[in-house]
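Here is the structure we will look at, set down as C-alpha cells.
The values are calculated or read from the model by the stated rules, or taken from the named source; none is laboratory data. Note that the structure is a prediction, hence the values are computed from the model and not measured. All Cβ positions, even for glycine, are placed from backbone atoms using ideal geometry, and neighbour counts span all protein chains on display. Calculation scope for accessible area: heavy atoms of the full protein, side chains included, ligands and nucleic acids excluded. Shrake-Rupley method; radii C 1.70, N 1.55, O 1.52, S 1.80 Å.
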Amino acid sequence: MRDARLRLVPAGAAPAAPAARRAFELHWPTLLAGAACLGLAASNWVSTGPVLAGALCAACLVGLSALAGQARVAVLALVLAVAGLWWGTLRLDALGESALVSSIGESGPVEVVVTGPARRTSWALRVPVQVRSFRDERVRERALLLLPVGRSPPRGAILETVVRVEEPRAAERGFDERAWLARQGAHVVLRGGAWRAIDARSGILGLGDRLRDRIARAVGRGTDGVRRSLVLGVVLGEDEGLPQRVREDFRASGLAHLLAVSGQNVVFIAGAVIAAGWLLRLARVVREVLAIVAILGYVLAVGWQPSVVRAAVAGGLASLAWLAARPADRWHFLAVGALVLLAWTPASVLEPGFQLSFGAVAAIFVGVPRARARLDGYPLPGGVADALSVAAVCGLATAPIVLFHFGQAPAYTVPANLLAFPAVPAVLALGLLAALLEPLSPEAATALAWLSGWAAAWIAGVAGRVASLPGAELDARTALVALVAAAACGLGIRSARRRLAPPARIPAAAAATALLLGPLAWWATSPATAWERPVGLRVTFLDVGQGDSVLLETPSARVLVDQGPPEARVARELEDMGVRTLSALVLTHPQRDHVGGAPEILRTMRVGTLLDPGLAATGPEREEAVAAARARGVPVRVVRAGARLAVGGLVLRVLWPPGPGLPSEDPNLNALVLVASYGEADVLLPADAESDVTSRLPVSDVEVLKVAHHGSADPGLDEQLRDLRPRVAVVSCGRDNEYGHPRPETLAALEDVSGLAVYRTDEDGTVVVESDGRGLRVRTEG
C-alpha cells in the first residue's frame, strides 16, 4: 500500500495548474509569434487577397470580445496566422515582379550594386547584385551577375558593365537555379564582361560594407591563401576563396556549418562586450546597450543570413528583456527570429540554411538537456560532455534535412565537431580582436591574425582527416540501415542488461554490436560509386588501349561514342565512374577496337537508344551489339549525314556518312563523324575517318578535336588543322601498339599548331575535358 502524503497549499492559493495549462500561460507570446510564422510559411503554397483576409480577421476580432483565457489567445493566433498569410502573399507577389524578364535575350549597359560576396567557379564569378539601371532606364530588382574569372568586385561596389540578359537555368536533375533565384526575388541572369567600379553604396549598408572590409583587411595581415579564407569563413561566413576540395572536406566531415556564420558567433560577441563592460565597471544598462550595438554592427558586416538574423534577434531581445525588466523566453526569441526572416522573405522557409539553423536550435532546446543528463556519472569533463551533447543532438536533428536537400549526410559529424570545437572560439576571438586593434597597432593585429590562421588550420586538418575516412558520407539508404542497426543494438544491449549477470553484460553487448554493425560497416565503407554530375559539358576520352571510347556528359545526359575493344571492359569502367544509365550508345563503324565493348554495356546497363550508321559493311561485334539491344528492348536508330539529336543541353550533328556504302568498302571511309556542341564549345569526333573524308565536311572552328584513326599518318592533317583551329587535341591509342600510333608525322603536324594542347591516352591515360559552353579545362587521370 502506498503511503499517503499530505500536500499543503498556501491559503488563498489555487491548486497547481496542469503542466499543459502552465506551459500555455508561460509561452502564449511564443504561440502567437509561431502562428504568424505558420501563416507566412503557408503563403508559399496558399495565397489570399486582402478582402478575404480582412473579413476573416474582422470576424475573429469580433469573437474576441465574447471569449477569455485560452480561447481568446487561440482566436488571436488565428488572426495572426491569416494576417501572416496575407502579408506573405503580398511579399511573394512583390518578389515575383521583374522588369528585366521582358528583356531576356537583349544586351545593354547596366549599373548594379554588389549585394554579397562573389562566388568563384571554374567558369565565372557569380555575383549577387541589385540592378539600378538598364539601358539608362531606372530599374530596381535583384539579379545574378556572371563575370569572367578574375578579380572579384567587393561587396557594396557600384559597377558599370555591358550585359546580356539571360534566363536562369532550369532544374536538371539537381540544383534548380531558376527556383533558387526566384526565392530571393531574382528572375534573370546578367552575363557581363569587363566591369568598372564607379562608386560604393553609402548609408547603413555602406557602414556594414566598411566594417566587413576592415575585418577582412585585418585578417589578411597575418594570413593568406587557404588559412585566410578559413578565418573569413568562420568570422564572416565568407568561404568563396576556399578551393573546392577544402569545401568538400568540410561538407563530408560535418563541419560545413563552421563556414556559415552561426548563432554562437553572436553569442560570443555579445558575451565579450558584456564581460568587457563588467571589467571596466560600466553600468549594466550601458553593457546591455553596447551589446545590442555590437550585435547590430556584426549583422551589418556579415549580411542577411538566417542563422545570424535568428541569433541577433535573440540576443537583442534578451538585452531588451533585461532593460525592460521582462522575463526572457528562448522559445519566444526563436519564434520572433523566424518571424523577422519570413516577413521579409517568406520563401526562406524552403531554404536549407533556414531549416538547418532553426532545426538545430530547436533540437538544442529540446534534446541537449536530456542528452546531458544521460552523460552524468560518466568520467567526462563538463565541457566535453556539453560539446558531445550538442554535437550528437544537432547531428541527429539536421541529418534528415541534409539528406533531403543534398542526398548525403556526414557519418562522423560528432567526433569531427568535438575535435574542431576548441579551435572555433579562438579563430573568432583572434580574428575580431585583430580587426579592433588594427587601427591602433598593426603589428599586434598581424600577430593575432597569424594565430587565428593557425587555429583555422587545425579545423581544416580535422575536416580533411575525417573526410578521408571510409564511409565518411552516407546516402539515404545507408543512413536508414545504420539507424535501424543502431536501434537494434540499443534494444539488444537493454535486454542484455536485464537478462544477464553483470560480468557477462559487456562481452554480450560487444558481440551483439559486432554482429549487427559489422556487415553494415563493411557495406558503408565500400559503397557503390556515385555519379559525379558535371557543371556543364564533360568529355571523357577513356583509356581503352588501341581503340576509341568517348563519354559525353551534361548534368542530365550521358552519351557514349564507341566502346573500345572487349578487353578494355568499358562497362566496368563506367560502373566505377558511377554511370549506370546512358542516354544513347553510338556505334561509329563495325570494327572491334571501336564497338567490341558495346554488347556487354547493352547487357548490363540501361541504354536509351542505340545509334548506328547502318553500313553495308558489318562485323561480328556490331551484329552482337544490335542483337543485345533488341533483346533488351533498346531502340536501334540508323543515323546518317544531316541527322541532328539534342539531349540534356548537348547537340549531336551527324556529318558523315551520306549512305550505307558498299560491303566491300573499308568501314573507316564510312565511319560516323559527329560534332558534339554545348553552348559555344564544339567537339569533333571523326572516329577513323581521316582528312580525305573530313576535309570535305561542313565543319570549322572546333574547340576540341579527337585525332582520327588513333593518330595514323594523315597527309591532309596540316591543312585541316588550319581550318579547324582546335584548342585541344586528343589521340586515343594503346601503349607500344604494333601500328606505331601516333605516327611521327601526325605528331609533328599537331606540334606545329600554335597554342594547341595535345594529349595522348597512351601517355596521359584518360583525358577529361570540361566546358561551361565557353571556356575549357583539361585534366588527365594517367
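Does residue 563 count as buried (at least 24 other Cβ atoms within 10 Å of the Cβ), in contact (Cβ under 8 Å) with a residue 24 or more places away in the chain and over 25 Å from the mean Cα position of the chain (by Cα)? Answer is yes for this residue. Selection of the stretch 86-137 for residues being touching a Leu at 6+ places or on another chain (Cβ under 6 Å) and among the small types (Gly, Ala, Ser) yields 88, 118, 124.
Within the stretch 730-743, residues that are under 18 Å from residue 756 (Cα atoms) and open to solvent by less than 10 Å² (accessible area, probe 1.4 Å) reach no partner that is modelled with pLDDT under 90 and in a loop (DSSP other than H, G, I, E, B) with beta carbons closer than 9 Å at six or more positions or on different chains. Exactly one residue out of 387, 373, 447 is open to solvent by less than 40 Å² (accessible area, probe 1.4 Å) and either within 30 Å of residue 532 (Cβ to Cβ) or assigned to a helix (DSSP H, G or I) (or both): that is 387.
Residues of the stretch 450-474 that are in contact with a helix residue (DSSP H, G or I) (Cβ under 6 Å, 6 or more places away or on another chain), surrounded by fewer than 21 Cβ atoms within 10 Å (Cβ to Cβ) and farther than 19 Å from residue 223 by Cα: 464, 470, 471. Taken together, the residues in the stretch 180-202 that are assigned to a helix (DSSP H, G or I) and modelled with pLDDT under 85 amount to 1. Summed over the stretch 651-667, residues that are more than 30 Å from residue 554 (Cβ to Cβ) and either open to solvent by 40 Å² or more (accessible area, probe 1.4 Å) or of a type in the set (Lys, Arg) (or both) total 6. Of all residues assigned to the stretch 144-159, at least one qualifies as being modelled with pLDDT of 90 or more, open to solvent by less than 90 Å² (accessible area, probe 1.4 Å) and within 14 Å of residue 101 (Cβ to Cβ). Determine if the stretch 155-171 includes at least one residue that is assigned to a loop (DSSP other than H, G, I, E, B), without any contact (Cβ under 8 Å) to a residue 60 or more places away in the chain and under 30 Å from residue 452 (Cβ atoms). Taking every residue of the stretch 155-171 in turn, at least one turns out to be assigned to a loop (DSSP other than H, G, I, E, B), without any contact (Cβ under 8 Å) to a residue 60 or more places away in the chain and under 30 Å from residue 452 (Cβ atoms).
Scanning the stretch 87-99 for residues that are surrounded by 22 or more Cβ atoms within 10 Å (Cβ to Cβ) and either under 23 Å from residue 139 (Cα atoms) or among the hydrophobic types (A, V, I, L, M, F, W, C) (or both) gives a single hit, 89.
Residue 682 - would you say it is charged (D, E, K, R) and open to solvent by less than 30 Å² (accessible area, probe 1.4 Å)? In short, no.
Taking into account only those residues within the stretch 235-245 that are part of a helix (DSSP H, G or I) and open to solvent by 10 Å² or more (accessible area, probe 1.4 Å), which is nearest to residue 411 (Cα to Cα)? Only one residue fits best here, namely 245.
Would you call residue 719 farther than 19 Å from residue 684 by Cβ and either surrounded by fewer than 20 Cβ atoms within 10 Å (Cβ to Cβ) or in contact with a strand residue (DSSP E or B) (Cβ under 6 Å, 6 or more places away or on another chain) (or both)? The answer is no for residue 719. Looking at residue 393, is it open to solvent by less than 60 Å² (accessible area, probe 1.4 Å), modelled with pLDDT of 80 or more and aliphatic (A, V, I, L, M)? Spelling it out, residue 393 is indeed open to solvent by less than 60 Å² (accessible area, probe 1.4 Å), modelled with pLDDT of 80 or more and aliphatic (A, V, I, L, M). Scanning the stretch 574-599 for residues that are in a helix (DSSP H, G or I), modelled with pLDDT of 90 or more and either aromatic (Phe, Trp, Tyr) or under 29 Å from the mean Cα position of the chain (by Cα) (or both) yields a single hit, 574.
Check whether at least one residue in the stretch 271-279 is open to solvent by less than 10 Å² (accessible area, probe 1.4 Å), free of Cβ contacts under 8 Å to residues at least 24 places away in the same chain and part of a helix (DSSP H, G or I), and report yes or no. Within the stretch 271-279, one or more residues are open to solvent by less than 10 Å² (accessible area, probe 1.4 Å), free of Cβ contacts under 8 Å to residues at least 24 places away in the same chain and part of a helix (DSSP H, G or I).
Cβ separations smaller than 7 Å between residues 6+ apart or across chains give the following pairs from the stretch 425-444 residues that are more than 17 Å from residue 228 (Cα to Cα) to residues that are open to solvent by less than 40 Å² (accessible area, probe 1.4 Å): 437/444; 437/445; 437/448.
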